[in-house]
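Report on one structure; see the data block that follows.
Bear in mind these aren't lab numbers, they're just calculated from the coordinates by the rules spelled out. Computed from a predicted structure; not experimentally measured. No Cβ is skipped: glycine too gets one built from the backbone with ideal geometry, and neighbour counts run over all protein chains shown.
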Amino acid sequence: MKILILGVNGFIGSTLTDKIMETTDWEVYGMDMDSDKLEKSIDHERFHFVEGDITINKEWIEYHVKKCDVVLPLVAIATPSVYVSDPLRVFELDFEANLEIVRQCVKYKKRVIFPSTSEVYGMSQDDSFNEETSQLVLGPINKQRWIYSCAKQMMDRVIYAYGVKEDFDYTLFRPFNWIGPRLDRVDSQKEGSSRALTLFISNILHHGEIKLVNGGEQRRSFTYIDDGIAALMKIIENKDGCATRRIFNIGNPTNDYSVKDFVSLLLEKFKGYPEYKSIAEATKVTVIDGEAHYGKHYEDAGFRVPSIQNAKDHLNWKPTTSMDDALTKTLDYYLVEKKEEATIQAA
Ligand code: UGA
């Protein structure tokens with residue numbers, strides 16, 4: 001199998017590529033603007049990497065869509081602070097740039113595996129979000145935070161419509177707060193440039209303060225990256241067409257934590273690393289209003305638990321990594337494996 005991965009140096013793309021190189025005989029053709037997360041696979045004979053921007057290198061992409069069997073267009077802005085600071089860039093990249101690629105997949109009859117998101121459910125009130133029955137609930141237009149959710153939802157609808165109209169072969173997968181090594185850099189001093197876990201790690205290392213937005217009572221179901229990648233491997237493999245024209249929540253309902261409890265657990269875990277014990281103990285946990293933190297265009301989902309019945313039934317998949325193990329593995333990566341980065345910046 002030949003697989004095209006756009007955004008191959010991202011959190012999901014790089015971890016997936018390593019897994020493919022380690023466990024299959026598949027070829028991966030990948031594009032990204034950087035390759036710093038690809039050190040394990042970059043020299044592999046079945047991995048073909050090109051440095052480039054998907055909005056510029058259109059001929060290369062079209063050629064490789066034709067050449068490959070499966071396409072994963074993973075390029076997207078996925079950090080909430082950017083949804084409110086630069087919503088048009090989110091629309092242009094996450095929707096417009098990806099639409100061109102999806103249309104090429106339709107034209108050349110190639111299977112697409114597209115990253116939808118847990119964010120499409122927005123402020124849905126269901127205890128457990130279901131791919132086929134849950135309402136997708138977004139706030140008013142002035143709450144620009146939802147542009148990401150809305151752009152992803154629109155793409156889900158476009159892809160679904162191609163499936164109905166032209167038997168287009170696709171799978172939509174919805175990651176629920178995937179966490180793990182390589183999520184985002186933690187040496188950045190810049191506030192708000194990453195997802196919560198990596199931001200909190202960076203806060204402990206550099207700022208001595210973690211801010212709980214709106215008190216941190218809001219909940220997320222955190223999913224360890226290896227569990228997510230295991231599901232993606234089954235989707236790519238698509239045994240007997242089990243993933244074709246289906247939508248899958250890929251999340252861990254048992255790791256449903258309030259942000260506040262998540263932070264407490266993270267600080268406890270940090271204290272288990274002797275070198276970082278004192279900075280973890282000295283870290284202040286404060287509360288900040290959501291609009292004060294992100295700006296007036298922010299609004300948040302209060303809870304978000306996936307139903308994973310669909311993935312269990314059709315992919316024979318379920319997550320196995322507890323929150324405790326997920327945090328240990330992630331901190332081992334950032335504080336031990338990438339120790340130099342963390343220590344230099346902490347000094
Ligand atoms: C994320 C992002 O939209 C995407 O990465 C992704 O599509 C999706 O959800 C997902 O991974 O499922 P969100 O969960 O709001 O959205 O993103 P985070 O920035 O990781 O924030 C998680 C929670 O922590 C939010 O309630 C946020 O308000 C809170 N938070 C964040 C704080 O309390 N303090 C901070 O300093 C940062």
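Key figures
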item	result
Between helix 225-237 and the chain: long-axis angle, C-alpha atoms, 0 to 90°, nearest 10	0
Label point distance in nm, Met33-Glu92, each placed 7 Å from Cα along Cα→Cβ	1.1
The range 166-273 - convex hull of the alpha-carbon atoms, volume per residue in Å³	139
Zero-based 10 Å bins, Cα pair distances in the chain, whole percents	5, 25, 35, 25, 8, 1
Exposure proxy order (Cβ contacts within 10 Å, fewest to most) of Ser193, Ser134	Ser193, Ser134
Nearest-20 debye value, the range 56-112 charge dipole, Cβ charges on Lys, Arg, Asp, Glu	420
Contour excess over end-to-end distance, with Cα ends at Leu267 and Trp60 and 0.36 nm allotted per residue	70.0 nm
Sequence of Ser149, Ser14, Ser264 once ranked by neighbouring C-beta atoms within 10 Å, starting from the fewest	Ser264, Ser149, Ser14
Cα→Cβ-extended label distance, 7 Å offset, between Thr254 and Glu100, nm	4.5
Positive-end extreme of charge dipole, the chain - chosen from Tyr276, Val71, Met33 (charges on Cβ)	Val71
Nearest-ten-degree value, helix 259-271 long axis tilted from longest Cα axis of the chain	70
Cβ charges +1 (Lys, Arg) and -1 (Asp, Glu), total dipole of the chain, debye	560
Between 0 and 90°, nearest 10: helix 98-107 axis offset from the chain longest Cα axis	20
Sorted by Cβ neighbour density within 10 Å, fewest at the top, the residues Thr117, Thr286	Thr286, Thr117
Label-point separation in nm, Tyr333 to Val285, each point 7 Å along Cα→Cβ	2.3
Potential extension, Val137-Ser193 segment - 0.36 nm per residue separation minus Cα distance	17.6 nm
